[in-house]
Amino acid sequence: MHEGIVETYIRTKAEAQLRLRAQRMAGIADAAALRARQADVRAVTAEILGALPERVSLSLQLIDRLPREGYTVEVVTFLSRADILATANVYVPAGPASKRPAALLLSNHNVEGKAAAEYQRMAQMLARRGIVTLVFDQLGQGERIQFFDVPMRRSWIGHTVAAEHTHLGNMLFLTGRHLGRSMTWEAIRALDVLAERSDVDGARVGVVGLDGGTAVLRFLACLDERIAAAVCVLGAEELDPLGGGCVDQNLFGALPRGVAPVDHLIALAPKPLLLTYPHRASEADPMAGHVEELRAAYTRAGGAGAFETCTLEPGAAVGRVLRVRAAEFLAKAFGLPNQDVRETQAPTEKAAVLQATETGQVGNSLGHADLFHRHLAVTGDLPPAAELPRDAESARKMQEELRRRMAARLQMPEPTGPVEGHVESHSTDWGLSVEKGRLIVDEGIYLPYAFYTPPDDDQGRRMRPVVLAVHDRGVAAISAIGPWMTRLAAAGYHILSIDVRGTGETRLQPERLDGDPYEKLLMGPESMWARRALNAGLNLFGMRVFDTLRALEYLRTRPDVQAEEVSLVGVGRGALWALYASALDPKVRRVALLRGLGTYKSLVAHRLHNHHFSMFLGGVLNDYDLPQVAASVAPRPLTLLNTVNERRERMPAEEVARAYAFTQLLYKRFDAPEALRVRTTDHAPATLDALSEALGLPAAE
């Protein structure tokens, strides 16, 4: 698929990091060097995922035992944390109890969870081969849907597990918690279940990861040394160094530290590993590079024969071939005798037969907490309460500290030189003169712009105040607001509108036209490339704030602009870019934010939100919230107009005022309480009047 300038920018940065990683890998000449590399990968992975929860009693409960030909299914529950219950099935081989090998089956993004036919058949095959197999409902699957709608009998987030994971993971991201950590911890607890069984040989425990489950397998390989063998069933893009799938499958910031997804599998060497993936013989092998690296690592580790691959031509028999291959690989790894095992044609079980709860959902049957409510409980005191400054001087010091924290969270690029403006055309619109062009703000990044000015009688250029307008839909959205623009021009203002990177003419890959709208927001290109940027140590939100700051810088160099009279208007997501830019640039004269998000906290305090991941900053609520960013604008005039909540619904003015009480108090410390205004309007003309008033324009006649 064609990639635009933003995608190319992110990919180019990532490729540079991958070249450095390749140089490091080329220097690994022996087993000792490989062990050091593996230790480094484990340390980086553990640090990014975060500290694991405290172990509690499993409180293992046997709900039912289902005898079947060649095996028995045990329906069980266990505690992954003190108040979070997991549901599982254990497939136990027939015959006298003895110390057998075991396997943990990590499911793909299948909403049926452990009851999905493909997992049942895999577990049945392994059990018939003499391997105790546990498959459990991961978060968002089976009996553990996190956002379950009782009347609809499905998640109200969307139709897929990926949507559930991403919605929940986005919330956790705002407080610096990684959903991948929680999911990996649950897999560790599932291994604990196997370890406690008297019929399991703890030295012979393997893991099978299927597609989406391979991310948990990779993290598990770095965090739990009990894994003795692994089968990794990959999709076409599971080892893409840029990632970008569900939020739980990404390891943000790993690439700059030299860690790519394949490194987690290299960490297993020399333990037996089977890598399987789809590949048509007539096409180039998509995994060739990864396979080469893995083979080299296993050779250096002294286990060349322990690494195997299995490529499967897409077709109807793929599942059966894969199951037989996985069973035989683990049987060989665990020293089981050769045996010709064939898959039976018996039908799989109904989900209700395998469930551990009466209703089919842990939440409304056993009353246990979900991860959303647990997260809500531990983040209730965030952001940390700030002590109100005593006077204007201490308020300024607080603002400087807030700006330092903002810069750290934004991870903005360093300017490479002055902004270059390239004029491309002149025209008229709404009776105004329009200059269109591009601003070169960063290496490989340009911002299309439109500069509107009142036509001068003498055809010359006058120095005028200017408004920079930043809209989340770019220049085209601003240029459509004719009445407001003509009012600004009549008051003697220039207007500059820009397409910050990834919007307007530089928009990211086209959105899919099918599917659930909210799933498209969660999994579409805007959110996907925001995740990919984070994987490469970049920040899409920070880059957009950077673009806004660079546009302000450019305006002050124009001979037709009064440099001390530059104001900023942000609309939608653009309101947040404008808010941060005005907080970081003390020269901005006035600020007006229209339909901007009120608080980050609302996104973690409510189960339903529908804002782009590209607006989120990792761990931001551990430092501050948007009202504190707004406080950094004081004492300059700031208008919050039609501020929205987590669902993008307009907040009542009194609710906004409560959320921004600290901001108002800081304005009072500067003796400028009237400079902060909270407004709500009910129709477009009133909104334009409010925006005009925010910029100090005279009232419309």
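Here are some notes:
- Relative exposure of Y554, Y452, judged by other C-beta atoms within 10 Å (fewest first): Y554, Y452
- Neighbourhood charge, 10 Å Cβ-Cβ cut-off, centred on R595 and excluding it, Lys, Arg +1 and Asp, Glu -1: +2
- Cross-link pairs K520/K587; K13/K601; K271/K520; K601/K668; K114/K520; K436/K520 - those with Cα-Cα distance over 29 Å: K520/K587; K13/K601; K271/K520; K436/K520
- Restricting segment 374-447 to trypsin sites (Lys or Arg not before Pro) in coil, as DSSP defines it, with at most 14 other Cβ within 10 Å: R390
- Taking only the alpha carbons of the chain, we obtain Rg and Dmax values of 28.6, 101 Å in that order.
- The 3J(HN,Hα) values that the Karplus relation (6.51, -1.76, 1.60; θ = phi - 60°) gives for segment 259-268 are, in residue order, 10, 10, x, 5, 4, 5, 6, 4, 4, 7 Hz. Gly and Pro appear as x.
- Angle in degrees between helix 213-223 and the longest Cα principal axis of the chain, rounded to the nearest 10: 80 degrees
- Within the chain, helix-based [θ] at 222 nm, where runs of 4 or more DSSP H residues each add -39,500 (n - 2.57), nearest 500: -11500 deg cm²/dmol
- Shape call, segment 322-361: gyration tensor on alpha carbons, a/c limit 1.5: prolate
- By the rule of a C-alpha distance below 14 Å, with chain neighbours fewer than 8 residues away ignored, the aspartates and glutamates paired with K397 are E387.
- By the count of neighbouring beta-carbon atoms within 10 Å, fewest first, E7, E519, E69 end up ordered E69, E519, E7.
- Most simply put, the chain has about 50% antiparallel DSSP beta bridges, counting only bridges with both residues inside it.
- Between 0 and 90°, nearest 10: helix 684-694 axis offset from the chain longest Cα axis: 70 degrees
- Expressed in Å, the radius of gyration and Dmax of the Cα atoms of segment 392-694 are 18.6, 59.
- Taking S567, S479, S107 and counting other C-beta atoms within 10 Å, the order from fewest to most: S479, S567, S107
- Size check on segment 429-559: the Cα extents along the three principal axes, sorted descending, read 53, 31, 18 Å.
- When the Cα gyration tensor is reduced to axis lengths a ≥ b ≥ c, the ratio a/c is 1.5 or higher for segment 612-701, and with a/b not above b/c it is classed as oblate.
- The trypsin sites (Lys or Arg not before Pro) found in segment 262-371 that occupy coil by DSSP, while having at most 16 further C-beta atoms within 10 Å, are R280, R342, K350.
- For segment 463-479 versus segment 603-623, the gap between their alpha-carbon centres in whole angstrom: 26 Å
- Value in Å of the Kirkwood radius, where segment 120-193 supplies the Cα pairs that are averaged: 14.1 Å
- Both the radius of gyration and Dmax for segment 231-328 are 14.2, 41 Å, in that order, over alpha-carbon atoms.
- The loop-placed GluC sites (Glu not before Pro) in segment 409-471, going by DSSP, that have at most 14 neighbouring Cβ atoms within 10 Å of their Cβ come out as E443.
- Gyration tensor verdict on segment 1-65 (Cα atoms; rounded if a/c is under 1.5, prolate if a/b is larger than b/c, oblate otherwise): oblate
Every number here is computed from the coordinates shown, using simple stated rules; none is lab data. Model, not experiment: these values are computed from the prediction. Positions of Cβ are backbone-derived with ideal geometry, glycine not excepted, and every protein chain shown enters the neighbour counts.
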